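In what follows, a structure is listed as structure tokens, so that the remarks can point back to it.
The values are calculated or read from the model by the stated rules, or taken from the named source; none is laboratory data. No experiment lies behind these values; they were computed from the predicted model shown. Cβ: placed from backbone, ideal geometry, glycine included. Neighbour counts: every protein chain shown. Surface areas here come from the heavy atoms of the whole protein model, side chains and all, with no ligands, DNA or RNA. Shrake-Rupley method; radii C 1.70, N 1.55, O 1.52, S 1.80 Å.
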Amino acid sequence: MPLSQLPIGEVLSELISGLRRHPCAVLRAPTGSGKTTRAPAAILDAGLAGAGQVLLLQPRRLAARAAAWRIAEERGVSLGQEVGYHVRFERRATRNTRLLVLTEGMFVRMLQADPLLENVGAVVFDEFHERTLDADLALAMSRRLQIDVRPDLKLLVMSATLDPEPIARYLGDCPRVEATGRMYPVETSYQKHDDRAPIPDQVASGVLQIAEQTAGDVLAFLPGVGEIRRTSSSLSDWARDNDVALMELYGDLPLERQQAVLRPSDRRKIVLSTNVAETSVTIDGITGVVDCGWARINRLDPSHGINRLDLSRISRASAEQRAGRAGRTGPGVCLRLWTQQTHRALAEHDTPEIRRVDLSGALLHLLCWDEQAARDFTWFEPPNAESLRQAMALLNQLGAISDRGLTQLGRRMGRMPVEPRIARLLCAGQQLGHIERVALVGALLSERDPFYRPGESGPPAAARHWSQSDVLDRAIALEEYERTGRPQTSLGPIDLAAAKFILRSRDQLLRATNEDESLEATLAEGECGADEAAQRAILFAYADRVARRRESGGLRAVMVGGHGVRLHPKSAVRDARLFACVDIEDVGKPESLVRQASAVERDWLPRELLSVNVDVQYDAERKRIVAYRRERFIDLAIDEAATNVPVDFDAGQILAQVAADQLDDHFFQDEAGLNYLARVRSLAVWMPELNLPQLGADPLRTILGDVCRGRRSIEEVRRAPLTPVIQTQLTPEQIRMISREAPERLPVPSGSLIALRYEFGQSPVMAVRIQEVFGLRQTPRIAAGRVPVVMHLLAPNMRPQQVTSDLESFWRTTYAGVRKELRRRYPKHSWPEDPTTAQAVQRPGQRS
């Protein structure tokens, strides 16, 4: 299409002018406006890149290949010469290529090889609104490079829907350029009720419905290749009968078939596509859209511990983008295969990947690029601090980093086009001398499982296990399919498309690994068999998921971190004591189901992750402190034996935690110590000038830790003397004053020393026989005379006959009546008429 007919043509001169004034710019232009093909070419033609290349970054491989092909076609050059592309495992470019289209991930790896981008003059970020993690990382790295050492580097951020203001501020308040589109109205309809049928069946029915409402081409959105194939199969007879070209469009489609979809056709087209057609490529002639409402979105898969494509509902913004594909060349129609009520519940926008994926891969790339920059890196939108911490912990566990920074192994892993876990697995396979088998395992773990689960495609055949590894069994079954071509394997039927994709991915991983000779084999082939190498490599990738059976032959186990897991009953791991949990369901529940596991031999565990400690703990059955010598892998105890508690170990803190749960007024057996505690607390109130310590509302808990110090059992704690512990908080003078002003005992006229019972908040109590206080005219007082003693005057049977804090009044008013009663009951005892002058009697029955 001539430039003058494209919306982008109206703003290109403004864009070039803005980039001449400022090293950065933001371009907002609708899908189909020509920004992808014309803006990078305009930068090249204007000389803004100097002698360097113009790099055009795309979020997907298909979009990168499509953009390169279309730019080359528009410029009348051969693809791979002036204009080329570079995607994962595929490159069509030469040293003379001036405009290179590549994925964001490939650009991040390019920065590792060429940190200064010496041969690059401009970087264009297309479809930035998709906010992939690689895009955020690539932009932040480019901006850092531009500010620090490459002020001549031009950066252009393009999007159809992104709000230009925040990104323009991030890029130094750079120029903003906006192109207006020419959109035709699109009539959108919804389903009346939620359809429970499989997605391919719903889409096939929708295509037939929309094909009758419009004469143009139809674009149908599906989540993935599997759904596309099944929909295509359902529509094949109809397409043949109606002379309709039924076409597929997805990321790994060969370039020739991709071009056939994008070129005009003399037949009506029905295009079955993943979300690559949402914004990344433009298909002319589309007047009808069928949208299933689902997409496979990259997010952290907790079951495997790596980023994977997860089936998710799209956002309302994505739905609008999809519907808009029907209104580019004329009025269109869109059928949404969900209800209006469901539509209102959709998220307004997609969540940026930086908030929903594992960050270990991005951090590893950043560390490989510039370790110093990684410490104070300025993101467009900073990730969650906890996500960064978890990512660093994983890299450390994988051996990619250490206390001294990035390791040689980490640099090797950073060059691999896979997640850090899979990169570690491949490095281990190369070191163990069996990279072929391990590369297949890596492909299996990275891609969609090709094996049907029960109920997906009929009952599977009885599984045959070659090993004690569910992952290795899958690899062997795939090799069996590769040899025989039969889809019915010993592990049951497989999805042929998924199986072929995994085998191709294996070959690509194998080439990428063998091209890098920086890691030498540590074991010669033959010293370790292929099966063992695969299982050991799995251990290296999933060291943080090693589990130990709770009991021999049982399915329940405990994993590193203390999480409980349960093996699937049909797991190949039949009796191994240790195993790595590779595929886990119900992550976050008290006990997760392990669908795929791989046995681990004790001798395979990396020594640097092993430790031996003596653990001291409380044994609830024996009610005492015990010690065990434990060997741990990370934090998982794999061996233990009873041993002696170290002589210098103070178990007080452990005992204090146990005792705290049992603590009440009857816990301690030291009555004298409890009384002393009450004396201190009471005197602190009665005589504040003594500055006695404030022991709080719950003084037993306050002193509990000190009481437990040096003890070995709860019984020792219960019997422990409390007074010495309390006195450690007192000065010698305070101890003397307590003894004097809140005495433990007081003398009475009989010559006895009678104990005082203290209770905080009350006056002390003296329980004494009446005969022993004859001759005592007034109530004894303590605390410098401020507090009277409450006297429990006892009859000869040692039961209280009178309670008084005014002894003088008792003698004067009450004693006569008490004397009459007690004299009748106890005639042999002394009952003088005047007790204030009578001789006190110490022994029962003794007369004055």
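For region 470-600, what does the alpha-carbon gyration tensor say about shape, rounded, prolate or oblate, given a ≥ b ≥ c as the root eigenvalues, a/c under 1.5 as rounded, and a/b over b/c as prolate?
oblate
For region 599-606, the Karplus equation 6.51 cos²θ - 1.76 cosθ + 1.60, evaluated at θ = phi - 60°, returns couplings of 4, 10, 7, 4, 6, 7, 4, x Hz by residue, with Gly and Pro reported as x.
Summing charges over neighbours of Ala620, with a neighbour being any other residue whose Cβ is under 14 Å away from its Cβ, gives -1 when K and R count +1 and D and E count -1.
Measuring only protein heavy atoms, the 1.4 Å probe finds Thr274 accessible over about 10 Å². Its Cα gyration tensor gives region 1-157 an equivalent ellipsoid, and the semi-axes of that ellipsoid, as √(5λ) in whole Å with the largest first, are 21, 19, 15.
From the coordinates of this entry, percent of Cα pairs over 50 Å apart is computed, and it appears in (i) 35; (ii) 21; (iii) 43 under the label (iii).
Applying the Karplus relation 6.51 cos²θ - 1.76 cosθ + 1.60 with θ = phi - 60° to region 148-160 yields 3J(HN,Hα) values of 7, 9, 10, x, 7, 6, 8, 10, 10, 10, 10, 6, 8 Hz, where x marks Gly and Pro. Accessible area per residue was computed with a 1.4 Å probe on protein heavy atoms; Ile714 scores about 10 Å². Of the beta bridges in the chain, as assigned by DSSP with both residues counted there, near 50 percent are antiparallel.
Close amide H contacts of Val289 (hydrogens built in the peptide plane, cut-off under 5 Å, sequence separation of 5 or more or a different chain): Leu219, Val333, Cys334, Leu335. For the pair Leu388 and Ala113, the difference between a 0.36 nm per residue extended length and the Cα-Cα distance amounts to 96.6 nm.
Counting only cysteine Cβ atoms and a cutoff under 4.7 Å, the chain contains unmatched residues Cys292, Cys334, Cys368, Cys427, Cys528, Cys581, Cys708.
By DSSP, the beta bridges lying fully in region 213-356 are antiparallel in about 30 percent of cases. Can you classify region 696-848 as rounded, prolate or oblate using the Cα gyration tensor, where a ≥ b ≥ c are the square roots of its eigenvalues, rounded means a/c under 1.5, and otherwise it's prolate if a/b beats b/c and oblate if not? Verdict is prolate for region 696-848.
For Thr342 and Ala317, the difference between the fully extended length at 0.36 nm per residue and the C-alpha to C-alpha distance is 7.6 nm.
Amide H to amide H distances under 5 Å link Leu756 with Arg745, Leu746, where only residues 5 or more positions off or on other chains count and H is placed in the peptide plane.
Mind running the shape call on region 61-120? Use the C-alpha gyration tensor, a ≥ b ≥ c as the square roots of the eigenvalues: rounded below 1.5 for a/c, prolate if a/b tops b/c, oblate otherwise. In terms of gyration-tensor shape, oblate. Relative contact order of region 714-848: what whole-number percent is it, with Cα pairs under 8 angstrom and at least 6 residues apart? About 20 percent, as a whole number.
Residue separation times 0.36 nm, minus the C-alpha to C-alpha distance between Phe649 and Ile735: what's the value?
Length difference between fully extended and current span is 27.9 nm.
Against the main long axis of the alpha-carbon atoms of the chain, helix 199-213 sits at an angle near 40°.
Farthest toward the positive end of the dipole of the chain, out of Ala215, Val645, Ser78, is the Cα of Val645, where the dipole comes from beta carbon charges about the Cα centre.
Model label points for Asn797 and Asp163, set 7 angstrom from Cα along the Cα-to-Cβ axis, are 8.8 nm apart. Sorted largest first by accessible area at a 1.4 angstrom probe radius, with every protein chain in place, the residues Arg240, Arg550 fall in the order Arg240, Arg550. Once both labels are positioned 7 Å from their Cα atoms along Cα-to-Cβ, the gap between Ser490 and Ala642 label points is 4.6 nm.
In this structure, Ala620 and Asp252 have a Cβ-Cβ separation that, at R0 = 41 Å, corresponds to a calculated FRET efficiency of about 0.10.
Derived scalar couplings between HN and Hα for region 90-97 equal 8, 9, 10, 6, 10, 5, 8, 5 Hz in order, rounded to whole Hz, by the Karplus curve 6.51 cos²θ - 1.76 cosθ + 1.60 (θ = phi - 60°), x for Gly and Pro.
May I ask you to give the percent of accessible area on the chain that is carbon plus sulfur, with a probe radius of 1.4 Å?
46 percent
With R₀ fixed at 41 Å, the C-beta to C-beta distance from Asn242 to Arg75 puts the FRET efficiency at about 0.65.
Determine the calculated [θ] at 222 nm for the chain from helices alone, applying -39500 (n - 2.57) to every DSSP H run no shorter than 4 residues and normalising by the residue count; nearest 500 deg cm²/dmol.
Working: 28 runs with 304 residues, N = 848.
Rounded to the nearest 500, the figure is -11000 deg cm²/dmol.
Relative contact order, whole percent, for region 767-816 stands at 35, derived from Cα pairs under 8 Å and 6 or more residues apart.
Given the protein chains as shown and a 1.4 Å probe, how many square angstrom of Met791 are accessible, to the nearest 10? Here the accessible area works out near 0 Å².
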